[in-house]
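What follows is a single structure, written as structure tokens, with notes after it.
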Amino acid sequence: MTDIRCKTFSSILSTKADHYPYSDKYIDEVHDSPDKTGNTEREHMVEWFKSNETKGYGSYSRQIPNKSARRCYNGLMNAASLLWIAEAVGIDESTVKHAYEAAVAAGDYRKACGAIRKVITWDMIYAMV
């Protein structure tokens, strides 16, 4: 299985840019998470992955800490964050565009996240880190 620790993935994401075209477009034109931690998707994802190895707090609390970045990615319910991760790790623009369009067409945020993960799987993310 291809996986890394959440804290390791958080560290990788901390070196990336705050903004990328398709995640910003999704936030501006479709949906932005109301309970986002931080001011940017980078800040939000760095904290989110890092805190998964703890019991968390607030809306991110959990019974058992999670060390699997794969599990975190596959459970993430924020389409803009999924797009940001893809852009941040260097998934090619045409694939990200396809995922963005699939998310917009899906509508509902839960369906949008599933649509993105059908185009951009964790294994594709892992291969880029």
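The values are calculated or read from the model by the stated rules, or taken from the named source; none is laboratory data. A quick note: this is a predicted structure, and the numbers were derived from the prediction, not measured. Neighbour counts are summed over all protein chains in view; Cβ atoms, including those assigned to glycine, are modelled from backbone coordinates with ideal geometry.
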Q: Quick one: count up the residues across region 1-26 that are closer than 15 Å to TRP122 by Cα and either among the aromatic types (Phe, Trp, Tyr) or without any contact (Cβ under 8 Å) to a residue 24 or more places away in the chain (or both).
A: 1
Q: Return the only residue of SER81, SER33 being part of a loop (DSSP other than H, G, I, E, B) and under 13 Å from the mean Cα position of the chain (by Cα).
A: SER33
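Looking only at region 100-128, which residues are under 21 Å from ASP3 (Cβ atoms), assigned to a helix (DSSP H, G or I) and in contact with a helix residue (DSSP H, G or I) (Cβ under 6 Å, 6 or more places away or on another chain)? Break it down into steps so the answer makes sense when it comes.
Narrowing region 100-128 to residues under 21 Å from ASP3 (Cβ atoms): 113-114, 116-128.
This time we only want the ones that are assigned to a helix (DSSP H, G or I), so: 113-114, 116-119, 122-128.
If the condition is that a residue be under 21 Å from ASP3 (Cβ atoms), assigned to a helix (DSSP H, G or I) and in contact with a helix residue (DSSP H, G or I) (Cβ under 6 Å, 6 or more places away or on another chain), then CYS113, ILE116, VAL119, TRP122, ILE125, MET128 are the ones that fit.
Would you be able to say whether some residue in region 29-41 is modelled with pLDDT under 95, surrounded by fewer than 19 Cβ atoms within 10 Å (Cβ to Cβ) and under 18 Å from LYS7 (Cα atoms)?
Within region 29-41, one or more residues are modelled with pLDDT under 95, surrounded by fewer than 19 Cβ atoms within 10 Å (Cβ to Cβ) and under 18 Å from LYS7 (Cα atoms).
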Q) Quick one: would you say ALA127 is of a type in the set (Gly, Ala, Ser) and within 15 Å of PHE9 (Cβ to Cβ)? A) yes
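Name the single residue, out of those in region 42-61 being part of a loop (DSSP other than H, G, I, E, B) and surrounded by 12 or more Cβ atoms within 10 Å (Cβ to Cβ), that is modelled with the highest pLDDT.
First, pick out the residues of region 42-61 that are part of a loop (DSSP other than H, G, I, E, B): 52-57, 61.
Checking the rest, the ones that are also surrounded by 12 or more Cβ atoms within 10 Å (Cβ to Cβ) come to 52-56.
Values: ASN52: 84, GLU53: 81, THR54: 78, LYS55: 72, GLY56: 67.
This residue is ASN52.
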